[in-house]
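Colleague: One structure, as structure tokens, below. Some questions next.
The values are calculated or read from the model by the stated rules, or taken from the named source; none is laboratory data. Everything numeric here is computed off the predicted structure, so don't read it as measured data. Backbone-built Cβ (ideal geometry, glycine too); neighbour counts: all protein chains shown.
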Amino acid sequence: MPAKTHGMSGTAFYSVWSGMKRRTTDTRYHAYHRYGGRGIKVCERWRNSFENFYKDMYEGYIRHINRHGKGKTSIDRINNDMDYSPANCRWATKFEQCSNQESNVYVVYRNVEVTIHQLSRLTGIGRKTLKYRIFKMGLSPDEAAVPGRKFNTNKKANEVKYGIGGPVTYEYKGKAYTLRELSNAFKIKYATLKSRLLMYGWDTAKAVETPVKRRR
């Protein structure tokens, strides 16, 4: 196997390759509908050959890590409607990747899944403003997308002006939890819960009861 030849099995670089294949082929993957579910594939050259992926992308991977660090190095499709392939992939920071994939960041607004871009067009509120309110302030999309609101970063000011009482809470089995309290109570990473509840629109029960798949 190529992975054994290079001794790369279990490395972050190998995980990038296996992660691409999972997103595009595993129907159980939570975001499959945004990848394989809409026709995105891994090109034939890479699909069954880690060695080819290594030859095409490893040098660029190391250069990017040396410049930005491993934690800020992600594979990015230049055109989000095209497959993973040498011609359509690059290494990018997560900020660059987020900017490139902005149209694919989904939230649930009035019980309908929409992208941040679509929500911006619906409400007339800028995309950066919406992302800040939802992903930084922790507001629900319905709270964040009310035209004319000028939120203050001071939680007390928002409570007085808009009736938003500090951190958003989520009810589970009759008890209200903040995101941090959910994370501590159910031993699930804060970032994982934040993605499940705010980005993917899961209900609280699904967010805390769905096992977190551990990397092997």
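Colleague: Looking at the stretch 41-90 only, could you name the residues that are surrounded by fewer than 15 Cβ atoms within 10 Å (Cβ to Cβ) and within 18 Å of the chain's Cα centre (by Cα)?
Modeller: K70, G71, I78, N79, D81
Colleague: Which of the following residues is in contact (Cβ under 8 Å) with a residue 60 or more places away in the chain and among the charged types (D, E, K, R): R45, R34, R23, R77?
Modeller: Just one listed residue meets the conditions, R34.
Colleague: Another one. So, in the stretch 175-197, how many residues would count as being of a type outside the set (G, A, S) and in contact with a strand residue (DSSP E or B) (Cβ under 7 Å, 6 or more places away or on another chain)?
Modeller: Looking only at the stretch 175-197, we keep the residues that are of a type outside the set (G, A, S), and these are 175, 177-182, 184, 186-190, 192-194, 196-197.
Among the residues that remain, those that are also in contact with a strand residue (DSSP E or B) (Cβ under 7 Å, 6 or more places away or on another chain) are: 177-178, 182, 197.
Counting residues in the stretch 175-197 that are of a type outside the set (G, A, S) and in contact with a strand residue (DSSP E or B) (Cβ under 7 Å, 6 or more places away or on another chain) gives 4.
Colleague: Okay, next question. Would you pick out the residues in the stretch 25-80 that are touching a Ser or Thr at 6+ places or on another chain (Cβ under 6 Å), of a type in the set (D, E, K, R) and at pLDDT below 90? Walk me through how you get there before you give the answer.
Modeller: If we filter the stretch 25-80 for residues that are touching a Ser or Thr at 6+ places or on another chain (Cβ under 6 Å), which is where we start, we get 35-36, 40-43, 64-65, 68, 72.
Within this subset, residues satisfying the condition of being of a type in the set (D, E, K, R) are 41, 72.
Within the stretch 25-80, K72 is the sole residue that qualifies.
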